[in-house]
Amino acid sequence: MSFEKIKKDPYEALRYKEFNTFLLVRFAMVFAWSMQFIVIEWQVYSITKDPLSLGLIGLMEVIPAVSMALFAGHIVDQKEKKGMLLKCILAFSVISFGLFLLTWPTVIADYNIETILYAIYFMVFLGGLVRAFIGPTIFSLLSLIVPKKVYPNAATWSSSVWQIGSVVGPAIAGFSIHLIGVHWSMCSVFICSIIALLGLSQIERKPILNPKIGEPIMQSLGEGIRFVFNNKTVLGAITLDMVSVLFGGAVALLPVFAQDILKVGPEGFGFLRAAPAVGAFLTMLVTAYVPLNTNAGIKLLAAIFGFGVSIIVFGLSTIFWVSLLALFLSGVFDGISVVIRQTILFLKTPDNMRGRVSAVNSMFVGSSNELGAFESGLTARLMGTVTAVVFGGSMTLLVVILTGSFSPTFRKLDLTDEMNTKEEA
């Protein structure tokens, strides 16, 4: 391999104006969605004092997200991507405004707690419907903004922005609850969705690359599912990440740790949420300069193993700074995992199937965050909060060990040659 192929421009994707705008839109949406989820978690737990109620929030979102995912992928592959994203953001804005009203002290005073709780669950359910469409739409739109030779670098930046938004949002939510309360924190979420709409207006409409417009839906869905299950690299990466996130979803129980175990209140809750954000930010800086394509399989296994260890340490810790360090490391390892997985999907997925493949991915991985929240809430109810977190981390380690032992092909996965092929295309 020549020196020119080894030397990479870490800012290659950022030299495309629309890609920078895309990153702004994506960050605003991920930030808003993550912040909203945590604000609602805090509100619901404050009302119920039941860890299972936290799991039910995740369940209310994951049911529609999973049940509609394949249908959404088919629609996305058939439609213009900017218009689809516009509809998704508008729908999210309506939902966030609804939650803003439901956390208004005047409204809360006029209705009983049970009615407010059910209304919150209903709004979260509607959010799950929107999420089924927004993931495949964003994934497909990105592939139309930058040329194929830039996919690996674009995937790194996009994944890193997603990772940062998904942890900075909850971190800011914790501080926001402490400073301005739940109600005005939800107002901040609504403002972020408006910022995303303004940013999207700066992106041009894109062509539809699917040559099978009007294809019967069942035939279309079957083609997408077969592609994922026949591509062992894509299937392995998705499955490994899904199981690790499912059993390592301890962060869903952070309100319990902040209020009842570490006893640090909403301000400490903000610091706990901020710790993974710092780790994710450092991951973005490092992976922009040091591509993860070489020995990608081993790196992905190692990252998820490190994530599992971090979760176990967090679960066992009763010391605030140890918990912070464990969450910081979980952000680092999770960030590495996300970047590698997204690079695999970008390199391995044909343009005309990105919506459907992303939909399958959201069923496996995206929804596992909420299923993980439900699993954590349920196991916390059954075996105690600390035991539930340690159990989840241990299951993550077991999955990594089994995958590494029984899948030598995945251990040897290397994306360098394919990346160079894309660059030459």
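As a rough guide to protection, the peptides 34-46, 55-67 ranked by mean Cβ packing within 10 Å, highest first, stand as 34-46, 55-67. Assuming charge only on the beta carbon of Lys and Arg (+1) and of Asp and Glu (-1), the dipole of region 52-202 about its Cα centre is about 640 debye to the nearest 20. Nonpolar atom fraction for region 248-311, defined as the carbon and sulfur part of the 1.4 Å probe accessible area, stands at 74 percent.
Would you calculate, for the chain, the mean residue ellipticity at 222 nm contributed by helices, counting each DSSP H stretch of 4 or more residues as -39,500 (n - 2.57) and dividing by all residues, to the nearest 500?
-27000 deg cm²/dmol
Where Rh denotes the Kirkwood radius from the mean inverse Cα pair distance, what is Rg over Rh for region 238-362? Across region 238-362, the Cα-based Rg/Rh ratio is 1.03. Applying D = kT/(6 pi eta Rh) to the chain, where Rh is the Kirkwood radius over alpha-carbon pairs, T corresponds to 37 °C and eta to 0.692 mPa s, the Stokes-Einstein value obtained is 152 µm²/s.
A Gaussian network model of the chain, with springs between Cα atoms under 10 Å, assigns the largest mean-square fluctuation among LEU129, LEU282, LEU23 to LEU282. Scaled against 2.2 N^0.38 Å for its residue count N, the alpha carbon radius of gyration of region 294-333 is 1.28.
Each of ILE319, PHE229, LEU86 was placed along the dipole of the chain (beta-carbon charges, centred on the mean Cα), and the one lying farthest toward the positive end is PHE229. Computed over the alpha-carbon atoms, region 100-209 gives an Rg to Rh ratio of 1.06, Rh here being the Kirkwood radius from the mean inverse distance.
Accessible surface of ARG26, taken over heavy atoms with a 1.4 Å probe and every protein chain present, rounds to 40 Å².
Among all helices in the chain defined by DSSP H, which have a length of 24 Å or more along the axis from Cα atoms plus a Kyte-Doolittle mean of at least -0.5? Passing helices, by number: 17-48, 51-67, 81-102, 113-145, 151-200, 265-289, 296-316, 320-348, 385-406. Using a probe radius of 1.4 Å on heavy atoms only, what accessible surface per residue do you get for the chain? Whole Å² is fine. Counting only protein heavy atoms, the per-residue value for the chain is 40 Å². Dividing the Cα radius of gyration of region 151-197 by 2.2 N^0.38 Å, with N the residue count, gives 1.41. Here the relative contact order of the chain, from alpha carbon pairs under 8 Å that lie six or more residues apart, stands at 30 percent. Can you give me the pair-distance distribution of region 8-82, C-alpha pairs, 10 Å bins, whole percents? Bin by bin from 0 Å, the calculated values are 15, 26, 31, 20, 7, 0. Ranking MET60, SER140, VAL360 by how far each Cα lies toward the positive end of the dipole of the chain (charges on Cβ) leaves SER140 at the top. Legend: translational diffusion of region 1-146 by Stokes-Einstein, Rh = Kirkwood radius over C-alpha pairs, 10 °C, 1.306 mPa s; D = 91 µm²/s.
For Cα pairs less than 8 Å apart in space and 6+ apart in sequence, what is the mean separation divided by the residue count of region 1-158, i.e. the relative contact order in percent? All intermediate terms of the calculation are to be shown ahead of the outcome.
Details: 106 pairs, mean separation 62.9, N = 158.
Computed over region 1-158, the figure is 40 percent.
The values are calculated or read from the model by the stated rules, or taken from the named source; none is laboratory data. Keep in mind it's a predicted model, so treat the numbers as computed, not measured. A quick note on method: Cβ atoms are made from the backbone with ideal geometry, for glycine too, and the neighbour counts reach across all protein chains shown. In case anyone asks, the SASA skips ligands and DNA or RNA and just uses the protein heavy atoms, side chains included. Shrake-Rupley method; radii C 1.70, N 1.55, O 1.52, S 1.80 Å.
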